[in-house]
Amino acid sequence: MAVMNLIQAVNSGLKCALADDARVVVLGEDVGVDGGVFRATEGLLKQFGGQRVVDTPLAESAIIGVSIGMAAAGLRPVPEIQFSGFLYMAFAQLINHAARIRTRSRGSFTCPLVVRTPYSGGIRALEHHSESLEAIYVHTPGLKVVIPSSPYDAKGLLISAIKDDNPVVFMEPSRLYRAVKEDVPEGSYTVPLGKAKVVRAGSQVTVISWGSMLQQAKLALAHTSVDVELIDLRTLKPLDADTIIASVKKTGRCVVVQEAPRTGGLSSEIIAQINDSALSSLQAPVIRVAGFDTIFPLYKLEDHYLPSIERIVAAIETAASF
Amino acid sequence: MAEKVLKTFTVKYLQVLDESGKCDAKLMPKLSPKQLVELYELMVLCRKFDEKALSLQRQGRLGTYASFLGQEAAQVGAAYALGGSDWVFPTYRDAAVLVVRNQPMVRLFQYFGGDERGSIPPKGVNNFPIAIPVGTQGLHAVGAAMAATITKRKFATLACLGDGASSEGDMNEAFNFAGVFKAPVIFLCQNNQYAISVPVKQQTAAETLAQRAVGFGFEGVRVDGNDILAVYSAAAAAVKKAYLGEGPTLIECFTYRLGNHTTSDDASKYRSEAEVAAWRKKDPVLRFRRFLELRKLWNAKKEGELFVRAERRVSSAVGEYEKVPRADVDDIFKYTYSEMPQLLQQQMDDYKKLIEGR
Ligand SMILES: Cc1ncc(C[n+]2csc(CCOP(=O)(O)OP(=O)(O)O)c2C)c(N)n1
């Protein structure tokens, strides 16, 4: 065991994966000599060499495109896209190919790659470094989508994602990279994909979140006397509907917190799942706390955009007293 | 049947001033003494701006900033060659281009201080907003240039890019469209030899970036990017060519980024102090000053006066910047669409009610 923050846990996960499986290759912009702009790949080049830890030219579509070819030819590529705002450059490769190779070839070719990319706001960054557009990937059949909110989960989920036979978009909450620390095993272990986690059991209101907002929701709990059951989704696709439904059946009330823009976000799907399977248990409408349907503002105004503790608490209390 | 050479190509290199400030008279661009001095003053002013931006960032008064230290000749020289109706498409590292293009310094500080209002250009000046996604705005420059042709207006466009950006698909598509449509566009490629930590040798197997243009069927030239007269000369020729409808030009300015990639970067992780020191000796500002002194256009007294003037102008922009009232919440919402959709209006109203109730 060692105390690690989230970025160290990611680094440790990559190290274990590279050491355990000769098929694993890490590639991307500045991942080698520099060790990644957030230091996620620090030390990997030195330990594993330039064939397995590859500094690429500056081209996201190429990074994902060659990863698809590598994966088809038997490797397990783990491309890093420096910020999720630049993953759009690779959309055609990711959506038209990575997500579809298995289906297109009726299983003859597969695409086991893990795209790691930081997302989310609150880091006073330049434009395109702060968005939370995970729903786009959730909406794409064939992709799995994972977002950890803690160091322990980050490492275990990353190793699971690399072992998984499907393309996985692994989004890392940049705001949490250094914000939370906890004990993390130094060796390899897995946290299963597709399983949400009940972070805190409670009886009155279910709060569902993921990534950066999970930590924000956790902080909000200190400001309310409502007995909250807090669920960390961890995997957004495939969605762990069972855990959500079981909780809502128990509490009858639910708040979903997402940093992403409100319209068409994952919270909409979660609410639809609740309508399908737990409608008769509901004692209050399910409330969303979300970002606005606007372009994410530059940093002087970003605190307005990010769902605040105040907004989360208000939603919990509205749900509880409905 | 035949086997023969169909094409060979050459790449031109241009240097007007050597490192000691001596010039090749045959290569001198047509610039009056007054213009030569103005070029120098702009470089010094821009460098002051850059220094101030870095120091504000260190004090937490500015966000992430990308210094152009060492690239003043490339930016000032190229921007100076443009006409008032030409368009520029800058990156995050091109603040000096924008200063020359009359973007008020206060707005540049606002932009790097996390305020979108900093992207508003002066009235009638087509300074496109800074593009953060690398290599993407070249296509916009080509499109605007195509619009000039289609609407029979006489303007050229300047697309800024780095060596790293030359690897992006979008950028190469921009080169191709420019060639096919003979667009009046100038690609200003500042090859500062690094894309964050990745050296240009790992960016391309080709010896120069200028030769990329050859593959796309138009002219590419490499210039000494630390020689403002070479940059100006190449840019002025490219603008003229654009106006005459003779198509695009790629100008590769071979230069060096003396600072960190941005204020979030630590360049000592990937390059040696000795390498940086060698390039510091090729300082573009110092070189041009030597040239002006050799021509008796400049002296220590003028330097002292310029220093004070530049310092004063930058400080007054900082003063203005710090007095700009923070935009209100509406600013986040009101530019999203030409009209406010009802659900968005509701989000804004609800949020304003919440914060007013505090
Ligand atoms: C599409 C895209 N990918 C990655 C980044 C992150 N990034 C910002 S600047 C940079 C390097 C750019 O290098 P270069 O084009 O040579 O320009 P320079 O910064 O040296 O001026 C990278 C990788 C980005 N902004 N946009």
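The values are calculated or read from the model by the stated rules, or taken from the named source; none is laboratory data. Fair warning: this is a prediction, and the values are worked out from it, not measured in the lab. Counting neighbours? That spans all protein chains shown, and the Cβs are built from the backbone with ideal geometry, glycine included. Side chains are part of the model used for accessible areas, which takes the heavy atoms of the whole protein and leaves out ligands, DNA and RNA. Shrake-Rupley method; radii C 1.70, N 1.55, O 1.52, S 1.80 Å.
Details
- Test result for B:Gln103, open to solvent by less than 40 Å² (accessible area, probe 1.4 Å), more than 10 Å from every other protein chain (Cβ to nearest Cβ), under 17 Å from B:Tyr321 (Cα atoms) and polar (S, T, N, Q): yes
- Any hit, region B:226-242, residues being assigned by TED's automatic domain parsing to the domain that holds B:Ala165, assigned to a loop (DSSP other than H, G, I, E, B) and open to solvent by 10 Å² or more (accessible area, probe 1.4 Å): no
- Taking region B:268-358 as the region of interest, the helices (runs of 4 or more DSSP H) fully inside it that hold 1 or more residues being buried (at least 16 other Cβ atoms within 10 Å of the Cβ) and touching a residue at least 40 places away in the same chain (Cβ under 8 Å) are B:273-280, B:284-294, B:300-323, B:330-333.
- Here is the figure for region B:101-126: residues that are among the aliphatic types (A, V, I, L, M) and part of a loop (DSSP other than H, G, I, E, B) total 2.
- Filtered residue count, region B:243-261, keeping only those that are open to solvent by 10 Å² or more (accessible area, probe 1.4 Å) and on the phi < 0 side of the Ramachandran plot: 8
- Hits in region A:82-107 (condition: more than 20 Å from B:Gly164 (Cα to Cα) and either within 11 Å of another protein chain (Cβ to nearest Cβ) or of a type in the set (A, V, I, L, M) (or both)): A:Ala92, A:Gln93, A:Leu94, A:Ile95, A:Ala98, A:Ala99, A:Ile101
- Among the residues making up region B:151-171, those that are out of contact with any strand residue (DSSP E or B) (no Cβ under 7 Å at 6 or more places or on another chain) and within 14 Å of chain A (Cβ to nearest Cβ) are B:Ala165, B:Ser167, B:Glu168, B:Gly169, B:Asp170.
- The condition of being assigned to a helix (DSSP H, G or I), within 14 Å of chain A (Cβ to nearest Cβ) and either within 16 Å of the ligand (Cβ to nearest atom) or surrounded by fewer than 24 Cβ atoms within 10 Å (Cβ to Cβ) (or both) holds for only one of B:Ala174, B:Ala141, that being B:Ala174.
- Residue list for region B:206-219, restricted to those being open to solvent by 10 Å² or more (accessible area, probe 1.4 Å) and either of a type in the set (Phe, Trp, Tyr) or away from every other protein chain (no Cβ under 12 Å) (or both): B:Glu207, B:Thr208, B:Gln211, B:Arg212, B:Val214, B:Gly215, B:Phe216, B:Gly217, B:Phe218, B:Glu219
- A:Ser12 buried (at least 18 other Cβ atoms within 10 Å of the Cβ), in contact with a Phe, Trp or Tyr (Cβ under 6 Å, 6 or more places away or on another chain) and closer than 19 Å to A:Leu157 by Cβ: no
- Residue in region B:196-205 that is within 14 Å of chain A (Cβ to nearest Cβ), more than 15 Å from the ligand (Cβ to nearest atom) and outside any helix (DSSP H, G or I) present: yes
- Some residue of region A:251-259 being in a helix (DSSP H, G or I) and open to solvent by less than 10 Å² (accessible area, probe 1.4 Å): yes
- Residue match in region B:29-39 (condition: in contact (Cβ under 8 Å) with a residue 60 or more places away in the chain, outside any loop (DSSP other than H, G, I, E, B) and under 15 Å from B:Gly225 (Cα atoms)): yes
- Pairs with Cβ under 6 Å, 6+ apart, first in region A:22-34 and touching a residue at least 12 places away in the same chain (Cβ under 8 Å) and assigned by TED's automatic domain parsing to the domain that holds A:Val10, second assigned to a strand (DSSP E or B) and within 14 Å of the ligand (Cβ to nearest atom): A:Leu27/A:Pro79; A:Gly28/A:Pro79; A:Gly28/A:Glu80; A:Val31/A:Glu80; A:Gly32/A:Asp55
- Filtered residue count, region A:42-87, keeping only those that are within 14 Å of the ligand (Cβ to nearest atom) and either under 18 Å from A:Val168 (Cβ atoms) or of a type outside the set (A, V, I, L, M) (or both): 16
- Filtering A:Ser308, A:Ser212, A:Ser268 for residues that are within 14 Å of chain B (Cβ to nearest Cβ) and open to solvent by less than 30 Å² (accessible area, probe 1.4 Å) leaves a single hit, A:Ser308.
- Candidate set: region A:48-93, residues that are touching a Lys or Arg at 6+ places or on another chain (Cβ under 9 Å) and either more than 21 Å from A:Lys163 (Cα to Cα) or part of a loop (DSSP other than H, G, I, E, B) (or both); chosen: the one least open to solvent (accessible area, probe 1.4 Å): A:Ile81
- Selection within region A:18-38 - touching a Phe, Trp or Tyr at 6+ places or on another chain (Cβ under 7 Å) and either part of a strand (DSSP E or B) or more than 14 Å from every other protein chain (Cβ to nearest Cβ) (or both): A:Leu18
- Single unsatisfied condition, B:Leu54 versus (1) buried (at least 19 other Cβ atoms within 10 Å of the Cβ); (2) within 16 Å of the ligand (Cβ to nearest atom); (3) more than 13 Å from every other protein chain (Cβ to nearest Cβ): (1)
- Considering residues of region B:177-195 that are open to solvent by less than 30 Å² (accessible area, probe 1.4 Å) and assigned to a helix (DSSP H, G or I) only, the residue farthest from the ligand (Cβ to nearest atom): B:Gly179
- Region B:19-28, subset in contact (Cβ under 8 Å) with a residue 60 or more places away in the chain and not hydrophobic (A, V, I, L, M, F, W, C), residue least open to solvent (accessible area, probe 1.4 Å): B:Gly21
- Unique match (being at pLDDT 95 or above, more than 30 Å from B:Phe181 (Cβ to Cβ) and in contact with a Phe, Trp or Tyr (Cβ under 6 Å, 6 or more places away or on another chain)) among B:Trp298, B:Trp279: B:Trp279
- Selected residue (only one of B:Leu292, B:Leu354, B:Leu343 is at pLDDT below 95 and more than 22 Å from the chain's Cα centre (by Cα)): B:Leu354
- Failed condition for B:Ala147, given (1) within 16 Å of the ligand (Cβ to nearest atom); (2) not in a loop (DSSP other than H, G, I, E, B): (1)
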